[in-house]
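Only one structure is covered here, and it is reproduced in the block below.
The values are calculated or read from the model by the stated rules, or taken from the named source; none is laboratory data. Quantities reported herein were computed from a predicted structural model and do not represent experimental measurements. All Cβ positions, glycine included, derive from the backbone under ideal geometry; neighbour counts span all protein chains shown. Side chains included, ligands, DNA and RNA excluded: accessible areas come from the protein's heavy atoms. Shrake-Rupley method; radii C 1.70, N 1.55, O 1.52, S 1.80 Å.
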Amino acid sequence: MTPLLLTPGPLTTSEATRRALLDDHGSRDPAFVERFKAVRERLVALLDTTGAFTCVPMQGSGTFAVEAMIGTLTPPGGGVLVCVNGAYGARAAEIAERAGRRVTRLTFAETEAVSPARLAQALAADPSIEHVVLIHSETTTGLVNPVEAVADVVLAAGRRLLIDAMSSFGALPLSGRAPIDAVASSANKCLEGVPGLAFVLTRVTALAPCAGRCHSVSLDLHAQWRRLEQDGQLRFTPPTQVIAALDVALQQHAEEGGVAGRGARYAENRDVLIRGLRRLGLRTLLPEAHQGPIIVTVHTPTHPNFRFVRLYDALAERGFLIYPGKLTAADTFRVGCIGQVFPDDIRRFLSAVKDVLDEMGVHLEAAEDPHVQAVIFDWAGTVVDHGCLAPVGAFLEVFASRGVMVTMDEARGPMGTHKREHIRRMLLHADVAARWVSARGAEATDADIDALYADLEPLALAALPRFGTLIPGALETVTALRAQGLKIGSTTGYNRAMLDALLPLAAAQGYTPDCAVAASEVRAGRPSPYMAWEAAARLGVHPAWACVKVGDTPVDMAEGLNAGMWAVGVAEAGNEVGLSLEELQALSPEDRAARREHAHDVLTRAGAHLVVRSIAELLPALAQINRWLAEGRRPGA
């Protein structure tokens with residue numbers, strides 16, 4: 001049985017990637033040379049698309065690339081500051097010292113992220129420091145250092161930044177912005193290739209003056225680059241099968257959604273893993289704010305029956321390989337989240353861990369695991385009806401039937417409230433009220449509101465089939481939420497008859513919430529909390545902070561906040577932008593961004609904890625809320 005490698009690399013690869021290793025290739029064959037060139041270009045494109053960077057591969061492990069980067073881009077005797085909060089920072093410092101550089105170690109605890117403030121102080125204190133080396137994802141613990149904030153400090157100080165992105169490149173965002181001169185990584189980490197090829201993505205203007213600078217012949221990045229520029233060849237025998245496998249792996253990386261898609265899967269793996277470990281009574285090392293999605297470090301239980309060797313061997317027999325700890329200050333072991341590993345694999349692993357702990361007689365008290373248990377969605381503008389068009393048309397038509405013309409903005413203003421309340425609020429608008437008096441000869445009465453509401457219902461019912469299409473990404477998001485064990489509720493400003501007409505339309509497209517509450521079923525609709533509370537009760541979820549209310553209007557946000565829940569706003573797909581998908585896509589990028597920013601501001605002012613473009617981007621927002629919950633934060637705090 002091939003084991004599942006829950007390690008930070010080498011890692012479990014896809015069958016297609018492994019198949020690519022079966023063919024032989026001539027390194028000087030023109031077809032292979034072109035393939036190698038394309039691989040280099042695709043690697044650069046993951047960092048920079050301006051043409052400022054080039055990719056220089058190095059045969060060997062990732063450390064070869066780190067040493068080539070430091071040994072070539074820093075001058076002999078030059079000042080190099082290395083940020084150290086784990087084994088790989090310490091290794092980079094040793095490399096720089098062995099290469100004859102004057103090294104300053106800025107040291108932090110293994111559970112502490114690099115402090116930009118301390119870095120700024122260190123650079124100010126020593127003007128002779130020319131380069132800073134940062135480990136983006138410190139694989140010793142799984143800690144992610146604040147690369148953007150560090151880059152800001154280095155830029156302000158007029159120095160240059162070299163990044164070891166060995167276990168982050170391809171899954172965590174990284175750009176080739178100033179003052180970054182180079183990024184070192186490897187094929188066999190987040191790109192999900194196989195070992196044997198590392199690479200440095202380096203700014204051409206930083207590399208060009210470095211001829212003869214490297215302390216090593218085989219690791220001379222400049223000499224390697226010059227040969228590549230000459231004929232597309234490496235100076236020494238290339239790992240041809242490894243390059244072919246990386247080519248296939250890069251295709252799969254793009255198909256998964258690139259950095260964002262792969263990072264999202266790894267983050268979900270991490271979240272499932274940490275929640276499951278805590279349920280088993282196992283404590284993770286890092287605070288949530290620093291925990292990356294690459295590898296999770298776990299405290300070894302102090303139970304007298306626990307033996308790591310026995311855990312390792314029993315898990316290996318069940319098809320799972322993990323890593324021992326690499327800390328100097330704590331007894332730990334590590335579980336990787338990367339490679340061809342998916343949330344269901346993590347769940348199988350957790351089940352195996354439970355079985356092994358039971359066999360050892362290790363029974364631990366479960367740690368508190370606060371996390372989101374339910375998502376309560378709005379309907380129009382959130383899950384269906386991109387732009388929230390069905391209700392608007394009905395309001396325009398019913399007022400026109402009374403000789404009163406209203407604008408789109410006037411019709412949209414109270415959106416999300418109970419439809420009768422919506423009409424009442426429209427009539428409170430000074431301009432609408434004046435037009436009503438002009439057309440009808442008197443101010444609107446409750447009887448007028450009741451009559452308008454009665455006429456609105458058939459208009460809304462008639463519009464629903466035309467505008468009941470699921471918003472792109474809705475079904476996939478709901479499927480992913482259910483795979484995580486979350487319950488799905490819904491609330492709406494529609495009355496029960498309208499909602500009952502909408503439910504089968506959504507079901508025919510694959511969406512059926514676990515409960516659906518209409519405004520007509522509770523004491524009061526939005527912005528009161530009654531619908532959200534009713535949904536939570538039907539779902540059996542408590543406390544309220546375990547629920548997330550998702551909607552596209554300010555009253556959606558108010559409903560969630562008043563219920564004690566998290567509130568997430570939907571900007572582009574909803575009422576505040578108010579366009580169909582086709583209309584939205586026809587906008588210029590500038591106009592689209594401006595409208596999205598306006599909607600974002602409206603929802604943020606209404607109290608949204610987070611705002612996403614559409615339901616398709618909800619999963620990262622929920623992951624952030626889970627991190628807040630783990631840190632002890634609650635919606636009202």
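Identify the single condition in (1) outside any helix (DSSP H, G or I); (2) under 26 Å from the mean Cα position of the chain (by Cα); (3) over 26 Å from GLU631 (Cβ atoms) that HIS303 does not satisfy, given that it satisfies every other one.
(2)
So, VAL80, is that one buried (at least 17 other Cβ atoms within 10 Å of the Cβ), within 28 Å of the chain's Cα centre (by Cα) and modelled with pLDDT of 95 or more or not?
no
For (1) in contact (Cβ under 8 Å) with a residue 60 or more places away in the chain; (2) surrounded by fewer than 16 Cβ atoms within 10 Å (Cβ to Cβ); (3) part of a loop (DSSP other than H, G, I, E, B); (4) in contact with a Ser or Thr (Cβ under 6 Å, 6 or more places away or on another chain), each residue gets a yes or a no:
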site: LEU228; (1), (2), (3), (4): yes, no, no, no
site: PHE236; (1), (2), (3), (4): yes, yes, yes, no
site: LEU246; (1), (2), (3), (4): yes, no, no, no
site: ALA249; (1), (2), (3), (4): yes, no, no, yes
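Of everything in segment 94-139, what is part of a loop (DSSP other than H, G, I, E, B) and within 18 Å of GLU67 (Cβ to Cβ)? Give them in sequence order.
ALA99, GLY100, ARG101, HIS136, THR139 - these are the residues of segment 94-139 that are part of a loop (DSSP other than H, G, I, E, B) and within 18 Å of GLU67 (Cβ to Cβ).
Can you say whether PRO391 is more than 30 Å from PRO472 (Cβ to Cβ), open to solvent by less than 20 Å² (accessible area, probe 1.4 Å) and in contact (Cβ under 8 Å) with a residue 24 or more places away in the chain, as far as the supplied structure shows? Steps first, please.
Numbers: more than 30 Å from PRO472 (Cβ to Cβ): no; open to solvent by less than 20 Å² (accessible area, probe 1.4 Å): yes; in contact (Cβ under 8 Å) with a residue 24 or more places away in the chain: yes.
Considered against the rule, which asks whether it is more than 30 Å from PRO472 (Cβ to Cβ), open to solvent by less than 20 Å² (accessible area, probe 1.4 Å) and in contact (Cβ under 8 Å) with a residue 24 or more places away in the chain, PRO391 comes out as no.
Can you tell me how many residues in segment 604-634 are more than 21 Å from the chain's Cα centre (by Cα) and open to solvent by less than 40 Å² (accessible area, probe 1.4 Å)?
2
For THR17, state whether it is closer than 23 Å to GLY176 by Cα, hydroxyl-bearing (Ser, Thr, Tyr), part of a helix (DSSP H, G or I) and touching a helix residue (DSSP H, G or I) at 6+ places or on another chain (Cβ under 8 Å). Before you say what the answer is, go through the steps one by one.
On the way: closer than 23 Å to GLY176 by Cα: no; hydroxyl-bearing (Ser, Thr, Tyr): yes; part of a helix (DSSP H, G or I): yes; touching a helix residue (DSSP H, G or I) at 6+ places or on another chain (Cβ under 8 Å): yes.
No; evaluated as a whole, the condition is false for this residue.
What number of residues within segment 309-368 are surrounded by fewer than 18 Cβ atoms within 10 Å (Cβ to Cβ), touching a residue at least 24 places away in the same chain (Cβ under 8 Å) and of a type in the set (Val, Ile, Thr)?
Residues meeting the conditions: 1.
Specify which of the listed residues (GLY416, GLY339, GLY403) is of a type outside the set (Ser, Thr, Tyr), in a loop (DSSP other than H, G, I, E, B) and out of contact with any helix residue (DSSP H, G or I) (no Cβ under 8 Å at 6 or more places or on another chain).
On inspection, the qualifying residue turns out to be GLY339.
Condition test on VAL555, is it assigned to a helix (DSSP H, G or I) and β-branched (Val, Ile, Thr)?
It is true that VAL555 is assigned to a helix (DSSP H, G or I) and β-branched (Val, Ile, Thr).
Mind checking whether some residue in segment 183-193 is outside any loop (DSSP other than H, G, I, E, B), in contact with an Asp or Glu (Cβ under 6 Å, 6 or more places away or on another chain), closer than 26 Å to ALA244 by Cβ and hydrophobic (A, V, I, L, M, F, W, C)?
yes
Can you tell me which residue within segment 188-209, out of those that are of a type outside the set (A, V, I, L, M) and within 16 Å of THR49 (Cβ to Cβ), is least open to solvent (accessible area, probe 1.4 Å)?
Across segment 188-209, the extreme among qualifying residues is THR202.
For segment 589-637, which residues satisfy the criterion of being acidic (Asp, Glu) and outside any helix (DSSP H, G or I)?
GLU631, the sole residue that qualifies.
Give me a count of the residues in segment 157-187 that are open to solvent by 10 Å² or more (accessible area, probe 1.4 Å), more than 21 Å from the chain's Cα centre (by Cα) and more than 17 Å from ALA68 (Cβ to Cβ).
Count: 4.
With ALA442, ALA460 as the choices, which residue is part of a loop (DSSP other than H, G, I, E, B) and of a type in the set (A, V, I, L, M, F, W, C)?
Within the list ALA442, ALA460, the selection yields ALA442.
Just one of ARG42, ARG28 is surrounded by fewer than 20 Cβ atoms within 10 Å (Cβ to Cβ), at pLDDT below 95 and either within 13 Å of PHE199 (Cβ to Cβ) or not aliphatic (A, V, I, L, M) (or both); which is it?
On the way: ARG42 fails: at pLDDT below 95.
The unique qualifying residue is ARG28.
Could you tell me which of the residues PRO57, PRO75 is surrounded by fewer than 20 Cβ atoms within 10 Å (Cβ to Cβ), in contact (Cβ under 8 Å) with a residue 60 or more places away in the chain and within 21 Å of ALA208 (Cβ to Cβ)? First the steps, then the outcome.
Details: PRO57 fails: surrounded by fewer than 20 Cβ atoms within 10 Å (Cβ to Cβ).
Criteria check complete, one pass: PRO75.
Can you pull out every residue in segment 215-226 that is in a helix (DSSP H, G or I) and either open to solvent by less than 20 Å² (accessible area, probe 1.4 Å) or in contact with a helix residue (DSSP H, G or I) (Cβ under 7 Å, 6 or more places away or on another chain) (or both)?
LEU221, HIS222, GLN224, TRP225, listed by residue number.
If the requirement is being out of contact with any Cys (no Cβ under 8 Å at 6 or more places or on another chain), more than 23 Å from ILE135 (Cα to Cα) and not hydroxyl-bearing (Ser, Thr, Tyr), which of these qualifies: LEU280, LEU273?
LEU280
Would you please list the contacts, defined by Cβ atoms under 8 Å and residues six or more apart or on different chains, that run from a residue in segment 611-632 that is over 17 Å from LYS549 (Cβ atoms) and modelled with pLDDT under 90 to a residue that is open to solvent by 40 Å² or more (accessible area, probe 1.4 Å) and in a helix (DSSP H, G or I)?
So the pair list comes out as ARG627/ALA289; GLU631/ALA289.
Just the residues that are open to solvent by less than 20 Å² (accessible area, probe 1.4 Å), in a helix (DSSP H, G or I), among the small types (Gly, Ala, Ser) and out of contact with any Lys or Arg (no Cβ under 8 Å at 6 or more places or on another chain), please, taken from segment 484-539.
ALA506, ALA535, ALA536
When THR107 is evaluated against the numbered criteria (1) in contact with a Gly (Cβ under 7 Å, 6 or more places away or on another chain); (2) over 26 Å from ARG42 (Cα atoms); (3) modelled with pLDDT of 95 or more; (4) hydroxyl-bearing (Ser, Thr, Tyr), which criterion, by number, is the only one it fails?
It is condition (1) that THR107 fails.
Does segment 430-440 contain any residue that is among the aliphatic types (A, V, I, L, M) and open to solvent by 70 Å² or more (accessible area, probe 1.4 Å)?
Scanning segment 430-440, I find at least one residue that is among the aliphatic types (A, V, I, L, M) and open to solvent by 70 Å² or more (accessible area, probe 1.4 Å), so the answer is yes.
I'm trying to understand the selection: among the residues of segment 562-577, which are part of a loop (DSSP other than H, G, I, E, B) and not polar (S, T, N, Q)?
Answer for segment 562-577, where residues must be part of a loop (DSSP other than H, G, I, E, B) and not polar (S, T, N, Q): ALA563, GLY564, MET565, ALA571, GLU572, ALA573, GLY574, GLU576, VAL577.
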